[in-house]
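The values are calculated or read from the model by the stated rules, or taken from the named source; none is laboratory data. Every value quoted in this text rests on a predicted model; they were computed, and no experiment measured them. We place every Cβ from the backbone using ideal geometry, glycine too, and count neighbours over all the protein chains shown. Surface areas here come from the heavy atoms of the whole protein model, side chains and all, with no ligands, DNA or RNA. Shrake-Rupley method; radii C 1.70, N 1.55, O 1.52, S 1.80 Å.
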Amino acid sequence: MTKLHKAYIGGQWLTGNRGSFEVDDPATGESVAKVADVSLDQVEQAIDAANQAFESWRRLSAQERADGVLAWYDKVRENRQRLAEMITRESGKPIAEALSEVDYGASYLRWFAEQGVRAGGQTLPTLPGGRRPLTLKQPVGVVGVITPWNFPLAMIARKAAPALAAGCTLVIKPAAETPLTALLLAELAEQAGLPAGVINLIPGTDAAAIGKCLCTHSKVRKLSFTGSTAVGRVLMAQSAQKIQRLSLELGGNAPFLVFDDANLEAAVEGLIASKFRNSGQTCVCANRILVQRGIYDSFIARLKTRMASLTLGPGALPGADLGPLISDRAIARVESLVEQALEAGAVQTLGAGRVGEGSRYHSPTLLESVTPENPIWSQEIFGPVVSVTPFDSEEDGITLANHTEAGLASYLFSDSLSRAIRVAESLDYGMVGINEGIISSATAPFGGIKSSGLGREGGQEGMDEYLETKYLCLGGIG
Ligand code: NAP
């Protein structure tokens, strides 16, 4: 077993006490590697290593920590192609998207290295009795991180960058489908000179037990999770025991509103970008397309032409727009969602389902006449299926858009400034794309409300997630 297939704990590359597990290539279903499967003892070993490293990492100057994160950034940039190929190999996404994921993930490393040196407290106005109040910003401590497979690099970078810059240390469990990119990232952190124990990477298949340990262990002070709402709920309940700090980036159900006064070409292109990124497998993918009746027919006609032009193929094939879905289970789920939607009255006007028996490729599919009662309305589709519903007035559009438990991303297309602002203010979501289908950036707070989670990643808000504010009251000064 090579180093890059082992767990990285306390600066050591270790085989798994539970043996190993297979990672496959979604394009072929063939095994790519066998990776260490850690035991709970090894999870505890990683927590101990992170706890020990915390004592010295937190005491470095902010600039020294920033230099460490920037050295890691440089290594990621130098290994851009290698990382992208690894992302494509284990997640199936087209290589162009994988390269842009590397750039996107790296941007968090640079941005938070720069932001960390500005993360100071405040001196506040004098209190009665001559007391002087001030605040310190201190790192939270050891942070447990659990990430999904759809952005094997970026979901780790979005958490690790602010955490390390703030002075925290990490125990990271990547998704079982995509541990290889995470291990390569850990190796690059080692090459960049980040001290042993600052980052610990624990691949494993016993997610429930690892998650419970990261929620309840006395030396872990925070859990940052990105994944499904169902698992987020479990982790939140487990964290209640010791009132552990949590960041939860959970599932979405993004509405994509197209108003009569929208620029149609921009709206179609925005939808293609939002819906088909990673073959529809992102938490911010447009999920419910709401189109005002006045432009309904012309919008659908343009959309069909554009969808028919999308090319399916292995992610490594240059020019492929859509790769395979992540697993057999994922494609079976999408097929079943489409079936249920059709039974409930939706009409399929484009698409041919799974492409080739046993494959994980699903053709771009258009479902019209979807109503809020249709089961697909309340599900995150996580596949290349466009679900469309017409609406009449602006008010109807907003009501339909907000008719969900989720509150992560939303989108609206309109050339009326006043309408865009009015509608954006009325949408119950953490993020609104206005005439834009791709919204995420290291500089901006990414996150959801309602069942889409707690906290933000990116921007100053992303830094605050890894800092405690301590208040000092200085008396006897006069
Ligand atoms: P998932 O099943 O929740 O898995 C995510 C991670 O949680 C994986 O590492 C998984 O490990 C782990 N996990 C599974 N069960 C667990 C448990 N009982 N306790 C602790 N950890 C557990 O989600 P997914 O289907 O892989 O990922 C897609 C979901 O992530 C979608 O809902 C998507 O919207 C959401 N997502 C949200 C954001 C955001 O920023 N809001 C970004 C990306 C994705 P194993 O791999 O070992 O099972």
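Would region 120-142 turn up any residue that is within 22 Å of the chain's Cα centre (by Cα) and closer than 20 Å to LYS75 by Cβ? No, there is no match, as no residue in region 120-142 is within 22 Å of the chain's Cα centre (by Cα) and closer than 20 Å to LYS75 by Cβ. When restricted to residues that are among the acidic types (Asp, Glu) and closer than 15 Å to LEU136 by Cβ, region 442-478 contains 2.
Considering region 164-179, and only residues there that are within 13 Å of the ligand (Cβ to nearest atom) and among the aliphatic types (A, V, I, L, M), the residue that is most open to solvent (accessible area, probe 1.4 Å) turns out to be ALA176.
Is region 176-191 home to any residue that is modelled with pLDDT of 95 or more, more than 21 Å from ASN79 (Cα to Cα) and either out of contact with any Ser or Thr (no Cβ under 6 Å at 6 or more places or on another chain) or part of a loop (DSSP other than H, G, I, E, B) (or both)? Yes, because at least one residue in region 176-191 is modelled with pLDDT of 95 or more, more than 21 Å from ASN79 (Cα to Cα) and either out of contact with any Ser or Thr (no Cβ under 6 Å at 6 or more places or on another chain) or part of a loop (DSSP other than H, G, I, E, B) (or both). Entry remark, region 114-147: residues being open to solvent by 20 Å² or more (accessible area, probe 1.4 Å) and either within 16 Å of the ligand (Cβ to nearest atom) or part of a helix (DSSP H, G or I) (or both) number 4 in total. Among residues of region 433-457 that are more than 18 Å from PRO162 (Cα to Cα), those with a beta-carbon under 6 Å from a residue that is among the aliphatic types (A, V, I, L, M) and within 11 Å of the ligand (Cβ to nearest atom) at least six positions away or on a different chain give the pairs ILE439/MET431; GLY448/LEU408; SER451/ALA406; SER452/LEU250; SER452/ALA406; SER452/LEU408; GLY453/LEU248; GLY453/LEU250. Taking every residue in region 1-23 that is surrounded by fewer than 15 Cβ atoms within 10 Å (Cβ to Cβ) and pairing it with any residue that is of a type in the set (Ser, Thr, Tyr) and modelled with pLDDT of 95 or more, at least 6 positions away or on another chain, the pairs with Cβ-Cβ distances below 9 Å are MET1/THR15; MET1/SER20; GLU22/SER31. GLU187 fulfils the conditions (1) open to solvent by 10 Å² or more (accessible area, probe 1.4 Å); (2) in contact with a Cys (Cβ under 8 Å, 6 or more places away or on another chain) except for a single criterion, (2). The condition of being in a strand (DSSP E or B) and modelled with pLDDT of 95 or more holds for only one of SER418, SER410, that being SER410. When region 279-294 is limited to residues that are within 16 Å of the ligand (Cβ to nearest atom) and in a helix (DSSP H, G or I), the one that is surrounded by the most Cβ atoms within 10 Å (Cβ to Cβ) turns out to be SER279. Please work out which residue is nearest to LEU40 (Cα to Cα), limiting yourself to region 207-227 and to residues that are in a strand (DSSP E or B), within 11 Å of the ligand (Cβ to nearest atom) and not hydroxyl-bearing (Ser, Thr, Tyr). So the residue we want is LEU223.
Within region 434-476, the residues that satisfy the criterion of being surrounded by 14 or more Cβ atoms within 10 Å (Cβ to Cβ) and basic (Lys, Arg) are LYS450, ARG456.
Scanning region 228-278 for residues that are open to solvent by less than 40 Å² (accessible area, probe 1.4 Å), free of Cβ contacts under 8 Å to residues at least 60 places away in the same chain and away from the ligand (no atom under 16 Å from the Cβ) returns LEU264, VAL268.
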